[in-house]
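S.K.: First the structure, which I've put down as structure tokens, then a few questions once you've had a look.
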Amino acid sequence: MEPHEEIVELKRQIERLSLFHEIGKALASTIDLQKILQTVMEKISDLLQPDTWSLLMLDEAGKELYFEIAIGAGADKLKDVRLKVGEGIAGWVAQNGEPVLIEDVKRDPRFTSRIDDITQMDTRSVVCVPIKGKEKILGVIELVNCLGRESFRKSDIPILKSLADYAAIALENARYIQRIHELTITDDCTALYNARHLNFVLDAEIYRSTRYGYEFSVIFLDLDHFKQVNDTHGHLVGSKLLWMIGDLIKSHLRLIDYAFRYGGDEFVVLLPQTSKQNALQVVRRLKVMLNARVFFQEEGLNISVTSSFGVAAFPVDGRSRRELLRMADEAMYLVKNTTRDSIALAGEGIRT
């Protein structure tokens with residue numbers, strides 16, 4: 001190797017070490033997944049200088065790849081585009097878990113022109129590597145058309161694989177953090193949100209509704225005579241029944257609504273941008289649906305359930321979290337201590 005070539009190669013090695021150092025710092029300094037992935041992709045772009053580049057994530061449910069990050073000509077048109085696993089170069093890499101360098105895509109049968117048709121660009125060369133997690137493929141990184149060169153080099157693949165490993169670490173860390181967060185706000189028995197998260201959501205809704213002049217309603221419901229279910233059929237049946245009722249409540253709500261298990265056999269529903277009278281209609285429908293359901297029919301148990309409901313609304317019944325919960329709870333206990341299987345509105349008494 002000539003002296004000037006040695007100097008060039010030394011500079012490349014310094015650039016790579018600096019690159020890995022920067023990405024390592026990003027991983028250590030933040031849990032912001034988008035920031036880390038953006039850093040990874042920007043460093044790839046600086047070092048390898050592709051014409052266009054993208055990071056595609058694997059949607060396991062649909063067995064498809066979607067563009068999480070795309071930079072370059074026509075990238076704005078790729079937001080809603082999906083590739084089947086096995087489709088095109090990126091799809092092949094996701095399916096097989098192996099890196100690919102193609103100097104002339106027109107000669108490779110794995111290439112599909114569908115993306116070029118969408119972006120109106122002309123793909124010539126491609127280098128693509130998988131993002132491998134501990135147990136599965138998470139996505140792929142794909143670079144298209146190297147600037148100033150006919151094609152990418154084989155020596156580019158080890159660099160890309162190392163950077164893909166950084167992306168994999170960031171993705172798996174983000175998923176672990178998300179899972180931990182879900183466990184802290186979710187009730188184990190019903191998979192609804194728990195009482196701890198109710199406090200956070202209520203405070204946020206009070207702030208939002210105060211700022212924009214919205215109403216919202218809180219519903220307390222307590223299952224009638226639930227202790228008899230546990231005493232007669234056992235706690236396993238009782239726990240499963242709570243899950244089934246939680247699922248029934250959740251299926252009845254809008255996407256913007258929240259359902260919580262407050263404790264024991266008590267549930268809370270939060271209806272944003274909903275007046276007390278509109279909440280009453282929601283509760284009436286929920287009550288009819290609950291009364292009509294017979295649980296454990298296949299097991300021959302034929303368990304029917306009724307509930308006592310209490311409704312309070314912001315701001316007419318309270319402007320603080322503590323006040324609203326107290327008013328809804330008191331309305332519910334008015335029903336619990338008298339008729340059961342009915343509805344009470346805070347400050348207005350029992351309604352049929």
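The values are calculated or read from the model by the stated rules, or taken from the named source; none is laboratory data. Bear in mind that the values here come from a model prediction, so they are computed numbers and not experimental data. Note that we place each Cβ from the backbone using ideal geometry, even for glycine, and neighbour counts take in every protein chain shown.
S.K.: Would you call Glu103 surrounded by fewer than 23 Cβ atoms within 10 Å (Cβ to Cβ), within 17 Å of Asp51 (Cβ to Cβ), in the same structural domain as Leu48 (by TED's automatic domain parsing) and of a type in the set (D, E, K, R)?
M.R.: In short, yes.
S.K.: Then there is this: Would the range 108-126 turn up any residue that is touching a residue at least 24 places away in the same chain (Cβ under 8 Å), in contact with a strand residue (DSSP E or B) (Cβ under 8 Å, 6 or more places away or on another chain) and under 22 Å from Ala170 (Cβ atoms)?
M.R.: no
S.K.: Could you please let me know if Ile219 is over 25 Å from the mean Cα position of the chain (by Cα), of a type outside the set (Lys, Arg), closer than 18 Å to Leu280 by Cα and assigned by TED's automatic domain parsing to the domain that holds Leu324?
M.R.: For Ile219, the condition - over 25 Å from the mean Cα position of the chain (by Cα), of a type outside the set (Lys, Arg), closer than 18 Å to Leu280 by Cα and assigned by TED's automatic domain parsing to the domain that holds Leu324 - is met.
S.K.: If you go through the range 183-233, how many residues are surrounded by fewer than 18 Cβ atoms within 10 Å (Cβ to Cβ) and in a strand (DSSP E or B)?
M.R.: Total meeting the criteria: 1.
S.K.: Can I ask one more? Would you check if Leu143 is crowded, with 21+ Cβ neighbours inside 10 Å and either out of contact with any Pro (no Cβ under 7 Å at 6 or more places or on another chain) or not assigned by TED's automatic domain parsing to the domain that holds Arg82 (or both)?
M.R.: No; evaluated as a whole, the condition is false for this residue.
S.K.: Separate question: Look at Val218 and say whether it is within 18 Å of Glu323 (Cβ to Cβ), β-branched (Val, Ile, Thr), in contact (Cβ under 8 Å) with a residue 24 or more places away in the chain and touching a helix residue (DSSP H, G or I) at 6+ places or on another chain (Cβ under 6 Å).
M.R.: yes
S.K.: With the range 86-174 as the region, which strands (runs of 3 or more DSSP E) entirely inside it contain at least 3 residues that are out of contact with any Phe, Trp or Tyr (no Cβ under 7 Å at 6 or more places or on another chain)?
M.R.: 126-132, 137-146
S.K.: Going residue by residue through the range 61-79, is there one that turns out to be in a helix (DSSP H, G or I) and either modelled with pLDDT of 90 or more or within 26 Å of Ser155 (Cα to Cα) (or both)?
M.R.: Looking through the range 61-79, none of the residues is in a helix (DSSP H, G or I) and either modelled with pLDDT of 90 or more or within 26 Å of Ser155 (Cα to Cα) (or both).
S.K.: Considering only residues that are in contact with a helix residue (DSSP H, G or I) (Cβ under 7 Å, 6 or more places away or on another chain), over 23 Å from Phe200 (Cβ atoms) and among the small types (Gly, Ala, Ser), which ones fall in the range 231-281?
M.R.: Matches in the range 231-281: Gly238 only.
S.K.: When both residues are 6+ apart or on different chains and their Cβ atoms are under 7 Å apart, which pairs have a first residue that lies in the range 321-333 and is in the same structural domain as Asp265 (by TED's automatic domain parsing), and a second that is charged (D, E, K, R)?
M.R.: Pairs found: Arg321/Asp203; Leu324/Asp317; Met327/Asp317; Met332/Asp222.
S.K.: Could you list, in sequence order, the residues of the range 257-266 that are assigned to a strand (DSSP E or B), crowded, with 16+ Cβ neighbours inside 10 Å and under 26 Å from the mean Cα position of the chain (by Cα)?
M.R.: Tyr258, Ala259, Phe260, Arg261, Tyr262
S.K.: Can you tell me how many residues within the range 242-256 are in contact with a strand residue (DSSP E or B) (Cβ under 6 Å, 6 or more places away or on another chain) and either outside the structural domain of Asn199 (by TED's automatic domain parsing) or buried (at least 19 other Cβ atoms within 10 Å of the Cβ) (or both)?
M.R.: Residues that pass the stated criteria total 1.
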